[in-house]
Amino acid sequence: MGFTSRLGQSLTAKEIFDLVKDDLKQVEKELTAESVASVEAVTSIARHLQASGGKRLRPTMLLLAARMIGPTTPGTIRMAAVMEMIHAATLIHDDVIDMAETRRGRASSNVVWGNHISVLAGDWLYMQAFQIALRERKFHLLDLLINLTQMMVEGELLQLERIGKIDISEADYMQLIDRKTACLFSACSKVGSHMAGADDATESRLGEFAWNLGIAFQLVDDILDFTARETILGKPTGNDLREGKVTLPLIYALKDADAGERQMIAQVLADRSYERVSFSKVLRIIDRHKGVERVRERAADFVERARAIIAEFPDSPYQRALTAVTDLVIHRDR
């Protein structure tokens with residue numbers, strides 16, 4: 001996918017990832033070596049997730065932030081693996097909670113191994129990630145990771161509290177995606193810059209850049225759940241609403257929806273299916289009230305904030321790559 005940023009710089013997705021390609025290979029090796037448990041099922045689940053690929057966007061963000069500040073060390077590689085393991089653990093737990101059947105176009109781990117083993121495998125990955133981080137002997141890193149993990153668990157709990165509820169405010173939703181998505185992006189940039197020797201102010205600013213990017217990433221995710229093709233997305237479309245989650249395109253549409261339209265959405269939430277109210281009818285409601293367009297504008301606002309922050313940093317291939325990542329996030333199709 002090629003794209004040009006509004007700042008006049010042009011980098012393709014391949015060029016961004018090529019800058020840290022060798023680092024990412026080392027991260028993959030680290031993930032393979034560190035995901036071996038004494039219980040075979042845990043190793044298999046970790047391998048299953050690793051083999052299904054994923055964009056590796058979070059370790060890439062960490063590595064780009066680190067390289068923008070200074071050279072990459074073996075510790076930086078280890079911490080990139082740590083962040084991917086934490087991300088993997090949250091995906092495993094998410095799939096159990098959501099009773100998901102697919103992840104990245106393959107059967108989710110809970111379908112293959114069952115809920116009990118999957119939950120424990122997720123727990124093991126969390127602890128393994130912390131054990132690797134502990135080797136760096138840096139309290140600041142543990143502080144960041146503990147805060148991050150607590151935030152993400154809070155996000156899951158908030159989501160569970162709100163499942164099936166139609167009256168979710170925009171503020172409620174932003175609080176949720178701060179915890180579920182943006183805080184992990186932010187932590188990746190903070191950890192990367194810290195490993196490269198950044199001062200507190202620089203680390204904090206890069207965390208803010210990535211936080212804005214993470215919010216935009218989740219808003220685009222919410223749009224894709226309604227607009228993408230299933231084969232591209234790697235999971236069923238309309239899945240969020242089917243799982244009882246009211247996301248921002250729907251929150252905006254419901255603000256202006258009439259009683260009949262609200263009743264249709266309430267029916268899907270109650271049924272947890274599109275049997276009585278079709279997905280196409282839901283799409284028409286969102287379309288009529290410009291739900292997707294309004295969320296796209298919100299995502300663009302957060303991307304602009306991210307760009308303004310990264311523009312403060314000196315020009316370098318890594319600074320340009322982080323600028324271009326903002327385009328990658330807003331224009332992605334999966």
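If you take the alpha carbon atoms of region 35-87 and fit the smallest convex hull around them, that volume is 74 Å³ per residue.
A simple count of charges around Leu141, restricted to other residues whose Cβ falls under 13 Å of its Cβ and scoring Lys, Arg +1 and Asp, Glu -1, yields +2. Fewest-first ordering of His289, His194 by other beta carbons within 10 Å of each residue's beta carbon gives His289, His194. Each label was represented as a point 7 Å from its Cα along the Cα-to-Cβ direction; for Val111 and Asp172 these points are 3.0 nm apart. All other residues whose Cβ lies under 14 angstrom from that of Ala89 are scored, Lys and Arg at +1 and Asp and Glu at -1, for a net of -3. Among the chymotrypsin sites (Phe, Trp or Tyr not before Pro) in region 158-255, none is located in a DSSP loop while being surrounded by at most 14 other Cβ atoms within 10 Å of its own Cβ. Taking the Cα centre of the chain as origin and assigning +1 to Lys and Arg Cβ atoms and -1 to Asp and Glu Cβ atoms, the resulting dipole is close to 620 debye. Taking 21 Å as the straight-line reach from the Cα of Lys25, the lysines in range (excluding those fewer than 8 positions away in the same chain) are Lys14, Lys55. With neighbours defined as other Cβ atoms within 10 Å of a residue's Cβ, the residues Asp18, Asp95, Asp23 order from fewest to most as Asp18, Asp23, Asp95. Between region 160-227 and region 56-105, how far is it from one alpha carbon centroid to the other, in angstrom? Here the two parts' Cα centres lie 14 Å apart. Think of the chain as having a plus end and a minus end, set by charges on the Cβ of Lys, Arg, Asp and Glu; of Thr202, Leu134, Val303, Val303 sits farthest toward the positive end of this dipole. Computed from point charges on the beta carbon alone (+1 for Lys and Arg, -1 for Asp and Glu), the dipole magnitude for region 174-263 about its Cα centre is near 180 Debye. Tally Lys/Arg at +1 and Asp/Glu at -1 over every other residue whose Cβ is under 13 Å from the Cβ of Thr72; what's the total? Summing Lys and Arg as +1 and Asp and Glu as -1 gives +1.
Taking Cα centre as origin and charging only the Cβ of basic (Lys, Arg, +1) and acidic (Asp, Glu, -1) residues, the dipole magnitude of region 178-222 rounds to 80 debye. Qualifying trypsin sites (Lys or Arg not before Pro) in region 49-108, where qualification requires a DSSP coil assignment and no more than 16 other C-beta atoms within 10 Å, comprise Lys55, Arg104.
Among the trypsin sites (Lys or Arg not before Pro) within region 280-315, those in coil by DSSP and having at most 15 neighbouring Cβ atoms inside 10 Å are Lys290.
The residues Leu157, Leu19, Leu144, when put in order of fewest to most other Cβ atoms within 10 Å, stand as Leu157, Leu19, Leu144.
Readers should treat all values here as calculations from the given coordinates under stated rules, not as data from a laboratory. These numbers come from a predicted model, not from an experiment. Glycine also receives a Cβ, built like all others from the backbone with ideal geometry; neighbour counts cover every protein chain displayed.
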